[in-house]
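Structure, as structure tokens:
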Amino acid sequence: MRHSLKRSSLLLFLIGALLLTGCWDQKDIDTRGYVLGLAIDSYPPDPQSSESTGPNQASPQEEEKLEKMQLHTGEPGYAMTIQLPILANADMPEGPGIQSAEGSQSWEITQIGNSFFSINREMASRTGLSLYYEHLQVLILSEEVARKGLINILDMFMREPEMRRGIKVLICPGEAKSILDVVPRIDKYSSVYLSGIFDNSSRDSRMVYHTNMGDVICALHDGHDFVLAKVISTKDENKASGGAVFHNGRMAGWATEMEVEAINLIRNTYEGGVITVDTPKGEEGRVAMEITNEKAEITPIVNGDQVSFRIDIKVEGDYSEDINLHTHEKLSEPFLKSLEAEYEKEIQDLCTETIESMQEKFKADVFQFDRILQAGEPAYWERMGSDWNSIYPDVGVTVHADVHIILTGI
Amino acid sequence: MKEERLMPPQVMTLTACGILGIDILIVQRDMVDVAGQDAWISLILGGMTAMILGSVCYYLAHLYPEMDLPQILLHIFGDFFGRIILLPFIVYDVLYLGMSLRIFAQALKMFLLSATPMLPIVVLILLAAGYAVCKGVFAIGGIMDIIFPLCAVTILGILLMPMNQIHLSNLKPILYKNTGNVVKGILTGYQQFTGYGTIAYFYCYTQKTKGTFKWYLAGLGIPIFLYIALTLITIMVFGPTDIGYLTYPTLTLAKSIEIPGTFLERAESFAAILWINIVFVSVALLLFRTKRNFLELLHMKTKHQNYVIWGIALLLIGIALFIRSGTEAISFFSKIKKSSRIFGLLIFPFITAMGYIKKRRETRA
């Protein structure tokens, strides 16, 4: 009798545990709104600061459609747009033409306010879905928002458990929302398409691929300057090339594609790419080398209160293509050596120009020399660290490149 | 003479599981708060301290191989003083366990079960742990045998997966004008491993062989290694400043793991599920210890142990849910640990010394 009671209790407990586990958090998949992309624009938009990024630029009429919410305090400062997949249309054929005929595969909702958390909650009154951010791929900020400072807007993204540190943070010269409006040719959703572009970082060195939320948060907390990826768009295409330079947590300006390439070389974030030089000895040809391996070493040289840096960049690559040159019989050792010297010069010039540009134009230490000093020269940093912003623009940097061509093709 | 006998390798799993617990979520923050980027050095030294104190504790258990800690205390110090010395153990274990349950529930709520109230989370884990304790030490040992490898593999996974995000420079400068803080951090570090005392409760149930001590040292060494590695990796990934902003650095570390492909975007959910097991084994062991302490304190017979277990469980629910604010709960948990540092450091050497003297007198007599 006693055993039977025990067994019944155990059975009841097991059934209860199985049936009750997670029931509070039960959520049917079709009632979730999977936010794939999020764009933040300034509100009201500043027409002076916007530059056209393509035919998807929102018109004033479209701006009027942005919905406002009642605020407890202050004035609306931001327009937040989210991209939700319309799961019912997920099986539709892909492509811009088909989408416009059959209906959209995604829904972009914009809400205006001054707190992203309250904007997020207000959106729930329009979707009938429970917004879910675990699958968020990209966070796109307009230039205007970025220039106001990231620390103003990122708190919800740091605090909210659904947000991931791997979310890519991108800066758009015009309206950030326009990037989500892109109807990609292959992918279904512009956010997934845009996020996928960064998988090509090993092929294109001109994009900033260390652009995720975790890196931004660490840099902001540590007070380091950094570069985020720049993105521009047309109706059906995005391009992530070049970068937005941040100094003291605010965007200071744009880095060109070539400058991003140099920053990647110096910061050891170079995954792969191509460098092209004119052939040496006056021949009218051009040779492209695919870089397969790159390693930079930055050495601080402290002399009293003076500091300078030496950057040694070691590069290995493959002879990938020559243009206007018939070299099959010319790929001799001396020719390759002279070519390596050309690449070394090209890399040194590119890096030196970029360093000078960052120092003079933006005063932004995107190479994080400050981090190297903190770690390697703590005594200097203790003395001079508080003046680093005024020291950095005049710091001398010498760049030495060492290039080796490994393979020459068949 | 105890009927049930644990195998020597089970001493390893029990000791390791007794150390691994809720602290695994916040060990890095506790350490970095004191010693900054050198936190890992404090943790190594703290781990060595725990190894030494653990060996002392093992020696104490070895002196009285058929008694557990509360019985040893009553034997050495007598019924009255033995119970007086037992009281701080009970207070610490109950408060530590109650707040562990609370932090477990609020971390689980934050990362996995956002809509589930804390009460059922606490009740369910207590029911499971209480049931294991009711079934006795042999059942607990069997559960640990299954869960421990899963726990170790999970932690190793969390350690290895973010390797592509580490920055060695986050560890530098090493020991630059920070030696004082590193020394202060030894106490904080040692306290992450106070579970070494579990041996004093289980040794009497263990088969005594020459290798038992080695298994015990392995049981100490595994969590010490995992905690040090976890702290090192977390500092290298986030940097000491960022860790200060993270409530649960280990869960954030798991969340930072990037696995290509959208299917595995929430890979940390697997880590969270396995982490529940880590907390379960820790709660079961602490509950067993508390049960034994209460039985001896109240001079109750073993046949009444079930009343004690479920009575303690009710008390623990109250403690776990007493504080409403999550921040206050974490702060109170830290205070409990801080307040017991010196006591924890001195009590086992003191008991062992007294036990040694008593044993010598008994042998002479």
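The values are calculated or read from the model by the stated rules, or taken from the named source; none is laboratory data. Keep in mind that this is a model prediction, so the values were computed, not measured. All Cβ positions, even for glycine, are placed from backbone atoms using ideal geometry, and neighbour counts span all protein chains on display. When the accessible area is computed, the model is the full protein with side chains, heavy atoms only, and any ligands, DNA or RNA have been set aside. Shrake-Rupley method; radii C 1.70, N 1.55, O 1.52, S 1.80 Å.
If you average the alpha carbon positions of segment B:95-165 and of segment A:173-225, how far apart do those two centres end up, in angstrom? Each part's Cα centre sits 37 Å from the other's. Within the accessible area of the protein assembly as shown, the carbon and sulfur atoms contribute 59%, probe 1.4 Å, all protein chains present.
Provide B:His75, B:His299, B:His62 ordered by accessible surface of protein heavy atoms (probe 1.4 Å), highest first.
Values: B:His75 65, B:His299 145, B:His62 95 Å².
Largest to smallest exposure gives the sequence B:His299, B:His62, B:His75.
Partner shielding of A:165-172 amounts to 2, given as the average count of beta-carbon atoms from other chains within 10 Å of each residue beta-carbon.
If you place +1 on the Cβ of every Lys and Arg, -1 on the Cβ of every Asp and Glu, and leave all else neutral, what size is the dipole of the protein assembly as shown about its Cα centre, to the nearest 20 Debye? Kindly include the intermediate steps, with their values, before the conclusion.
On the way: 67 positive and 83 negative charges, 1344 e Å.
Approximately 6460 debye in magnitude.
If you run the Gaussian network model on chain A, springs between alpha carbon atoms under 10 Å, then out of A:Ala17, A:Ala375, A:Ala146 the most flexible one is A:Ala17. In segment B:8-354, taking the dipole from charged Cβ atoms about the Cα centre, the farthest positive-side position among B:Met163, B:Ala284, B:Leu25 is held by B:Ala284. Cross-link partners for B:Lys210 among the lysines, with Cα-Cα distance under 22 Å and sequence neighbours closer than 8 places in the same chain left out: B:Lys2, B:Lys359.
What average count of beta carbons from other chains do you get within 10 Å of the Cβ of residues in B:103-111? Don't skip to the end; give the middle numbers.
Details: counts 0, 0, 0, 0, 1, 0, 3, 2, 2.
Per residue, the number of nearby Cβ atoms from other chains is 1 on average.
Using Cα pairs closer than 8 Å and at least 6 residues apart in sequence, work out the relative contact order for chain B, in percent.
On the way: 486 pairs, mean separation 148.6, N = 365.
RCO, chain B: 41 percent.
Interface residues of segment A:355-404, defined as those losing at least 20 Å² of solvent-accessible heavy-atom surface relative to the isolated chain (probe radius 1.4 Å), are listed as A:Arg371, A:Ala375, A:Pro378, A:Glu382. Distance between Cα centroids, segment A:371-392 to segment B:178-236: provide it in whole Å. So the separation of the two Cα centres works out to 38 Å.
Peptide packing: for A:35-43, A:71-79, the average count of neighbouring Cβ atoms within 10 Å per residue gives the ranking A:35-43, A:71-79, highest mean first.
Each residue of segment A:189-309 gets 171 Å³ once the volume of the Cα convex hull is shared out per residue.
How big, on average over all directions, is the shadow cast by the Cα convex hull of segment B:177-299, in nm²? Please list the in-between numbers first.
Details: hull surface 47.5 nm².
For segment B:177-299, averaging the hull's shadow over all directions gives 11.9 nm².
Counting Cβ atoms of other protein chains within 10 Å of each Cβ in B:126-134 and taking the mean gives 1.
Take the accessible area of chain B alone and of chain A alone, subtract that of the pair, and you get about 2500 Å² summed over both chains, using a 1.4 Å probe. The translational diffusion coefficient of segment B:8-354, from Stokes-Einstein at 25 °C and 0.890 mPa s with a Kirkwood hydrodynamic radius over alpha carbon pairs, comes to 120 µm²/s.
The Cα-based radius of gyration and maximum Cα-Cα distance (Dmax) for segment B:2-110 are 17.3, 49 Å. Across all C-alpha atoms in segment A:263-407, the radius of gyration and Dmax reach 17.9, 59 Å. As a size descriptor, the averaged projected area of the C-alpha convex hull of chain A was calculated at 31.7 nm².
When Rg and the Kirkwood radius Rh are both evaluated on Cα atoms of the protein assembly as shown, their ratio Rg/Rh stands at 1.04.
Using a cutoff of 8 angstrom between alpha carbon atoms and counting only pairs six or more residues apart, the relative contact order for segment A:263-407 works out to 31 percent.
Comparing Cα centroids, segment A:239-276 and segment B:12-38 end up 39 angstrom apart. Among A:Leu180, B:Thr179, B:Ser331, whose Cα lies farthest out toward the positive end of the dipole of the protein assembly as shown, if unit charges sit on the beta carbon of Lys, Arg (+1) and Asp, Glu (-1)? Of the listed residues, the answer is B:Ser331.
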